[in-house]
Each structure stands twice: as structure tokens, then as C-alpha cells.
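> The structure is given below, and queries will be raised subsequently.
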Amino acid sequence: MRAAHPRLGGLILALSDDPQSTTAWARGARGEELLGSAPNGLTDRGVRLLHDRRIPRSRANIDHIAVAASGVHVVDAKRYRGRPALRVEGGILRPRVEKLVVGGRNCTALVAGVQKQVGVVRDALAAAGMDDVPVHGVLCFVDADWPLIGGSFVTGGVAVLWPKKLSERLRAEGTLDQAAVDAAHRALAGALPPA
């Protein structure tokens, strides 16, 4: 704005609201920050964490990677309002289609994004000779309106849940011993640099 209007740019910026994209980015960053601090208490239980990792040859990033006895959890943090729900359409005459809906908005594209991130993590582990390590995709909605009972679900192989439920998943028993957890953490830290 200042470059386009050298004399009035400062005044225009002072009088105008932030663009919607700036507001949405700041809100999302706050959601990632809230989630990023939540699982840190799990490190004394052997969970290893990586935050905000860059995907090679891309402008995209992975919000959080948690390596636990239950495997590697690729976590995309979202700060959306409304109740997450799984809608299933089609069936007998039409193909069955699952849709992730949050507060009435179709958010199915988020599932595809996590699936791509899971693929990147699997490839990084395979390159390190660790293709037997289980990798799980997670969409974690920080400020969503979750019901008192139930609520979490899986769509397209991606778990949709809230931070406390994520902590439960990370504390769950699994097949990886601590040496395997540490080795997977090192491999991912080397393959996926900080953003």
C-alpha cells in the first residue's frame, strides 16, 4: 500500500482493517501455537515433537509431527469455529462420498492436505530405511464446538479430533520402543527442516 500510494499509504493503512487473509492467517497461527504448547508435557513420556517443518520443494509446511510409541502422528492444527462432523453422501446408486463439515462449511480439502503431508513423512522415513514405522494423519480443531460424548472420527484415514484427544493418542501403547522413536525423530528432523 505504501509503495502504491507513497503520500497516502500510511494513512490508508491506518484507517483500513486488515485484509481477511491476514486476519485468517493470524487466527490460524494462534491455533497452531495453542496446540504446539499442549503436547509438550508428553516429552517426559518419550514422545518426541517437531513443530512447523518445511516440506521440501514447496511453500507448504507441516504444523506438528509427534513421534510416539504408537507411531508418527502428522498433525495439522486448525482454529475453526463450529462443530466438526462427517457427512456421508451417496450409497446404493451413487458412489459413497465422505465430507468433513465444520460449522456448515465443507472442509474436505483439509483431509486431502493432511494426506499429502502423511505421504511426505512416509517418504522421508522410507529414505531413512524406516518404512515399517506407522504414520497417522490428524486434523486437530482447537476451538471447535465438540460434543460432550464422542465426537472424534476418521475420514480418508485422517483422525479428526481435539487437543485432549490427541494427547490420549500420543500416550497410547504402541509397537515402537524408545530407540525407534528417537531414530524416527532424528530422521524426520534431518529430512524436514524448520520453516
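> Could you name every one of the strands (runs of 3 or more DSSP E) located completely within the range 106-177 that has at least 1 residues being open to solvent by 30 Å² or more (accessible area, probe 1.4 Å) and either modelled with pLDDT of 95 or more or within 23 Å of PRO193 (Cβ to Cβ) (or both)?
In the range 106-177, 135-141, 153-155 are the strands (runs of 3 or more DSSP E) which contain 1 or more residues that are open to solvent by 30 Å² or more (accessible area, probe 1.4 Å) and either modelled with pLDDT of 95 or more or within 23 Å of PRO193 (Cβ to Cβ) (or both).
> Against the conditions (1) open to solvent by 60 Å² or more (accessible area, probe 1.4 Å); (2) at pLDDT 95 or above; (3) of a type in the set (Ser, Thr, Tyr), where does SER37 fall short? Just the number, please.
Evaluating SER37 over (1) open to solvent by 60 Å² or more (accessible area, probe 1.4 Å); (2) at pLDDT 95 or above; (3) of a type in the set (Ser, Thr, Tyr) leaves (2) as the failure.
> Let me ask something else about it. Checking ASP52 against (1) open to solvent by less than 40 Å² (accessible area, probe 1.4 Å); (2) under 30 Å from ALA179 (Cα atoms); (3) not basic (Lys, Arg); (4) not in a helix (DSSP H, G or I): exactly one of these is not met. Which one?
Evaluating ASP52 over (1) open to solvent by less than 40 Å² (accessible area, probe 1.4 Å); (2) under 30 Å from ALA179 (Cα atoms); (3) not basic (Lys, Arg); (4) not in a helix (DSSP H, G or I) leaves (1) as the failure.
> Here is a further query. Answer yes or no: is there a residue in the range 82-95 that is aliphatic (A, V, I, L, M) and at pLDDT below 80.
Scanning the range 82-95 turns up no residue that is aliphatic (A, V, I, L, M) and at pLDDT below 80.
> Still on this structure, please answer the following. Quick check on this structure: which one of ALA66, ALA85, ALA77 is over 18 Å from ARG53 (Cα atoms), aliphatic (A, V, I, L, M), open to solvent by less than 40 Å² (accessible area, probe 1.4 Å) and assigned to a strand (DSSP E or B)?
Step by step, each of ALA66, ALA85, ALA77 is checked, and only ALA85 is over 18 Å from ARG53 (Cα atoms), aliphatic (A, V, I, L, M), open to solvent by less than 40 Å² (accessible area, probe 1.4 Å) and assigned to a strand (DSSP E or B).
> Within the range 178-195, count every residue that is touching a residue at least 40 places away in the same chain (Cβ under 8 Å) and surrounded by 12 or more Cβ atoms within 10 Å (Cβ to Cβ).
Qualifying residue count for the region: 12.
The values are calculated or read from the model by the stated rules, or taken from the named source; none is laboratory data. Model, not experiment: these values are computed from the prediction. Cβ coordinates were reconstructed from backbone atoms using ideal geometry, including for glycine residues, and neighbour counts include every protein chain displayed. For the accessible areas, the whole protein counts, side chains as well, though only heavy atoms, and no ligand, DNA or RNA atoms are used. Shrake-Rupley method; radii C 1.70, N 1.55, O 1.52, S 1.80 Å.
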